[in-house]
Every structure is written in C-alpha cells, then in structure tokens.
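J.: Sharing a structure with you now.
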Amino acid sequence: MEAFSELGFETVQILAVVLIVAIAVRRVRLPYTVALVCAGLVLTFRGGMNLELTPGLVLVIFVPPLIFEAAFHLQLKDLRADLAPIVAMAVPGVILSAGIIAAVLVVAGVLPLPAALIFGALISSTDTVAVVATFRSVGAPKRLMTLVEGESLFNDGTAVILFHIVLALGLEGTLNPVQGVIDFLRVSGGGLLVGGLFGYAVAKLIEQIDDYLIEVTLTTILAYGSYILADQLQFSGVLAVAAAGLVNGNIGPRSMTPSTKIVLFTVWEYIAFLANSFLFILLGISVEWDQLRTYFVPSLIAVAAVLVGRFLVVYILAGVVRLFEQKVPPSFLLVMSWGGLRGAISVALALSLPSAIGDRPQLLAMTFAVVLFTILVQAVSISGLLSWLGLTQDSQQANDYERIQSQLLAIRSASTYLERLYAEGALIPIAYATVKAELAAREEYVSSQIEELLEEHPELQAQIISLARLEVMRAERSALDAFSREGILNEETLIELQAELDEAIFQDSFGDRRS
C-alpha cells in the first residue's frame, strides 16, 4: 500500500511539473518537449524521484497511445501520395542507417562490429514528436509533416525488429542472413496484418454504435490490444498499432456523429499529450551522468556518426526514389536530415540490453548522448532552419495584427472610460469633445491599418475569420444548452441543432483531416 501511495505521489509531482512547463513555454520560444526534458534533467540533480524509464514502461504503456494517435490522424490519401519516400526511409533507410553508423564506429575504434551493429539498430529509429510540434506551431507545409510523421510511424517497428536480429548476433556470435530476412518479413508482415484486421473489425463495430463513451473505449482497447496481441504472437506490436490506427482512423470516423468525432479527437489529443509529457520528463530523469562523463569521447563520435548516417540515408534514398516516383524538394530533404531526432524507442531498446553484452554501459551512455543532442540542439534549432528555408507561414504578419489589434482595443477601452467620466460629471464638455475627437481619429487610423494588413495577407484574414466563426458557433451551442435547461427546447430538437453545429465546429477545429 505504501508503494502505491509513493507511486501516486510521484505521479502527481510529474503532472505538476508538466503543468508548470506547459504554462511556462507559452511565454518562451522553446518546444514543449524540449522544456520537459530539461525539467527532467533538473529533477535528476534534485533527487528523490524513483520512477525510471524502463523498457516495459515505454513499450507497453506509452508507445501504443502515441503511435495510435499519430496513425489515427494520418490520412491514407496523404500517405499514398508519398508512399515511396516514406517506405524507403522507414525500411531500407533504417537498415542503411544502422550499417553506416556501425561502420563509422568500427572505423573510429569506438566499438567492435557486433556492438556497433546493435547500437546502429537501436539508434536508427526517429522520434519526431518535438519536430512535428514545431512544424505545427510555425505552419510548415503539410506534405513535409506527412513525410516526417509517416516515416516515424513505421520506422519504429523496423528498428525494433532489426535490433532483435543483431542482438542475437551479439549474444550468440552468429547471424544467418537468410533467416534474418525471413524473420524480418514474418514479424513485420504479421504485425501489419494483425493491426489492420483488428483496426477494421473495431471500425465496423463502431459503425453499429452511437455512443462516444463506448467508441472512445473501443479505440483505447484497439490501441493497447493490437500491441499486446501482436506481441503475444511474436509479431511487431509497434507496426500492429500503426496499422490499427491507420485503418481505424480512416474508416471509423465516417459513421460517427459530429459530437462523437469532437470528443474522440479531443480525448486522443489529451492522451497523447499526457503520454508525451510523462515520456519526456522520464527521459530526462533517466539520464546517467556518470556514464556520460566516462564515455564522453565515444559519445561525441556516436553523435557525429548518427548525423552523418542520417544525412547520407536521406539524400541517397531521395535520389533513388526520384528515379521512380515524384521528387522531394531539396529544402524538405535538409529539414528531414536535421530533423531526424532520436527519442524514447532508442532509450527503451538500450535499457533492454542484457547484462551479457559487455559494452552495455558504453552503449547506454552513447544512446543518452545522441538522444539529448537531438532534442536539446536539433529540436531547438529546427524552427530557425524552417524559417531560413522559407517553409513557415510569416509569423510577422500575425505579430503585426496582434500589435495593431491591441492598439485598437486599448483605444476603445479608453473611449469607454472617457464616456463614463463624462457621464459622472468628472469632465467639462470642451475637454470631453476634444479628447473624444482625438480618440476617434486614432481609432479610424488604426482600423485602416488593420484593413490594409488583411488585404495584403488574405490567408491571415481567413484565419481570423475562421477563429471568429468558431467562437460564435461555440457561443450558439452554449445558448442551446441554456435553452434546454430552461425548457425552451425539447430534447429531440436540441440534439438535431447540436449535431448541425458540431459538424461545423469539427470542420473548423480539425480541418479536412476526416470527412
């Protein structure tokens, strides 16, 4: 009982840290996930936290909801449009990256070949949570986000399978290439099949139900159940979750009512927020500083090897894909190369290394070094790279609008105050008339500035109108609820009117991600 109480207390502590960080990053230009890792690093120095980032904790508790939420929101039409580069990066890209990293480490004398292959396999999976969050905040191109998310969605499974194959080489000293290929195809294909079938079955079940609580529960069972079922059958649980989320997310919402769609999307965004928050906090807490100091030079070489491997793989495969499919712009390739962050999957695989691996402490130190570098350096600098390449919506436009709009609101507030003073007899007529005329002139000038800005940037105008429309519709929905409570509306009419508003709210809130 005491252990559960202690676990509960530490969980509440982490939630408090998450809340503080979430509030703080609204005022500073720092990716949320980066701030969480920094908070975790601070907690390691403070001590007293016993929660650890164990492989089981990551792979069973956190990974399924994160992968499911990402796959659930990914549209098949977007995935099909760039299927060739995504598959190239997610399968041969992981294998090639692992080989390049291992070769660099062996040539540099950092590790023997078996250990180098193990490190290459466990570090080749990308974790784009921080990068995609930055993409969304700066308005990066949708295709770029699809490429990065699609690769990350499937390369986790490839990396896990490859890791277990080369781990056998490290433990047994033998590797059967033919058997390795057979195992890879069996584990990956089985995972995709299990997840796809499970996702389709749940989607068909959802079609028969119109209860958002049941539908949210079904998708939760699907996220964890597909992982556990595939794992029990010795298939890839990660790929099973990806397939389940992709199939279910593209079929299930079609038959849902607008209200259910809003609830489902919102709940899964919250679940992903919690999972990411805990994951990155625990990642910072789990860093072993003594190991990093001991293996400082090998860790620096590992960081360089990962960067070299990532750039080579992206540009080599882009050239190959270009021969058969559509071209990926050079600016996208640069962002994909620098944005190939490593995260929780790599750490989980490193922590799962058996003690029989003689280089285990060094592999752990190198893994933490690479993960910390990608999160604290690459994730922080990716927004600057996007801006330099011209791949962001002009944030200066939004800043200009915010500044001018604030001036206008301040002038109107001053006008209201002036009217009150005059009504109370605190101002003589001549003072009131003079100041009122001055305020009116300033208000007219500032209003004309806003009109000019919106005429020059119609996309900003559309965004502002969309936000205003959304707020108005929410106010309408709130009024309908009030009318129902007061007995003005009957239940049937209320449901009908709410459904119309919810459909419009869903489209404005989530765009065309699901129809």
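J.: So, in the stretch 318-376, exactly how many residues are in a loop (DSSP other than H, G, I, E, B) and either among the charged types (D, E, K, R) or crowded, with 16+ Cβ neighbours inside 10 Å (or both)?
T.: Start the filter on the stretch 318-376 by keeping residues that are in a loop (DSSP other than H, G, I, E, B), which leaves 325-329, 339-343, 352-359.
Remaining after also requiring either among the charged types (D, E, K, R) or crowded, with 16+ Cβ neighbours inside 10 Å (or both): 325, 327-328, 339-343, 352-353, 357, 359.
Counting residues in the stretch 318-376 that are in a loop (DSSP other than H, G, I, E, B) and either among the charged types (D, E, K, R) or crowded, with 16+ Cβ neighbours inside 10 Å (or both) gives 12.
J.: Please verify whether L218 is over 22 Å from the mean Cα position of the chain (by Cα) and at pLDDT 90 or above, treating the condition exactly as stated.
T.: Here the answer is yes, as L218 does meet what is asked.
J.: Consider only pairs whose beta carbons are under 7 Å apart and that are at least six residues apart or on different chains; among these, list those whose first residue lies in the stretch 426-442 and is open to solvent by less than 60 Å² (accessible area, probe 1.4 Å) and whose second residue is of a type in the set (F, W, Y) and modelled with pLDDT under 85.
T.: Pairs found: Y432/Y422.
J.: Follow-up question, since we're still on this one. Mind checking which pairs have a first residue in the stretch 61-72 that is at positive phi and a second that is in a helix (DSSP H, G or I) and open to solvent by less than 30 Å² (accessible area, probe 1.4 Å), Cβ under 8 Å, 6 or more apart or different chains?
T.: Nothing qualifies.
J.: S97 - would you say it is closer than 29 Å to Y295 by Cα, part of a helix (DSSP H, G or I), under 24 Å from the mean Cα position of the chain (by Cα) and modelled with pLDDT of 80 or more?
T.: Values: closer than 29 Å to Y295 by Cα: yes; part of a helix (DSSP H, G or I): yes; under 24 Å from the mean Cα position of the chain (by Cα): yes; modelled with pLDDT of 80 or more: yes.
Yes; evaluated as a whole, the condition is true for this residue.
J.: If S466 meets every condition in (1) modelled with pLDDT under 75; (2) of a type in the set (S, T, Y); (3) open to solvent by 40 Å² or more (accessible area, probe 1.4 Å) apart from one, which number is that one?
T.: If we test S466 against (1) modelled with pLDDT under 75; (2) of a type in the set (S, T, Y); (3) open to solvent by 40 Å² or more (accessible area, probe 1.4 Å), just (3) comes out false.
J.: Further question on the same structure: I'd like the full set of residues that are under 15 Å from G170 (Cβ atoms) and not aliphatic (A, V, I, L, M), limited to the stretch 107-124.
T.: P112, P114, F119, G120
J.: Now for a separate question. For the subset of the stretch 244-255 comprising residues that are under 23 Å from V160 (Cα atoms) and open to solvent by 10 Å² or more (accessible area, probe 1.4 Å), which member is farthest from the chain's Cα centre (by Cα)? Spell out the reasoning first.
T.: Looking only at the stretch 244-255, we keep the residues that are under 23 Å from V160 (Cα atoms), and these are 244-247.
Imposing the further condition that a residue be open to solvent by 10 Å² or more (accessible area, probe 1.4 Å) reduces the set to 246-247.
Details: L246: 16, V247: 19 Å.
Within the stretch 244-255, the match that is farthest from the chain's Cα centre (by Cα) is V247.
J.: Condition first: within 16 Å of L349 (Cα to Cα) and in a helix (DSSP H, G or I). Can you find one or more residues in the stretch 170-177 that meet it? Please lay out each step first, then the result.
T.: Within the stretch 170-177, the first condition is being within 16 Å of L349 (Cα to Cα), and the residues that meet it are 170-171.
Among the residues that remain, those that are also in a helix (DSSP H, G or I) are: 170-171.
For the stretch 170-177, residues within 16 Å of L349 (Cα to Cα) and in a helix (DSSP H, G or I): present.
Quick grid of which residues meet (1) free of Cβ contacts under 8 Å to residues at least 40 places away in the same chain; (2) more than 26 Å from the chain's Cα centre (by Cα):
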| site | (1), (2) |
| --- | --- |
| L153 | no, no |
| A159 | no, no |
| V166 | no, yes |
| L169 | no, yes |
| E172 | yes, yes |
| R186 | no, yes |
| G191 | no, no |
| V194 | no, no |
| L197 | yes, no |
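The values are calculated or read from the model by the stated rules, or taken from the named source; none is laboratory data. The shown structure was predicted, so the numbers you read here are calculated from the model rather than taken from an experiment. Note that we place each Cβ from the backbone using ideal geometry, even for glycine, and neighbour counts take in every protein chain shown. Accessible surface is based on the protein model in full, side chains and every heavy atom, while ligands, DNA and RNA are left aside. Shrake-Rupley method; radii C 1.70, N 1.55, O 1.52, S 1.80 Å.
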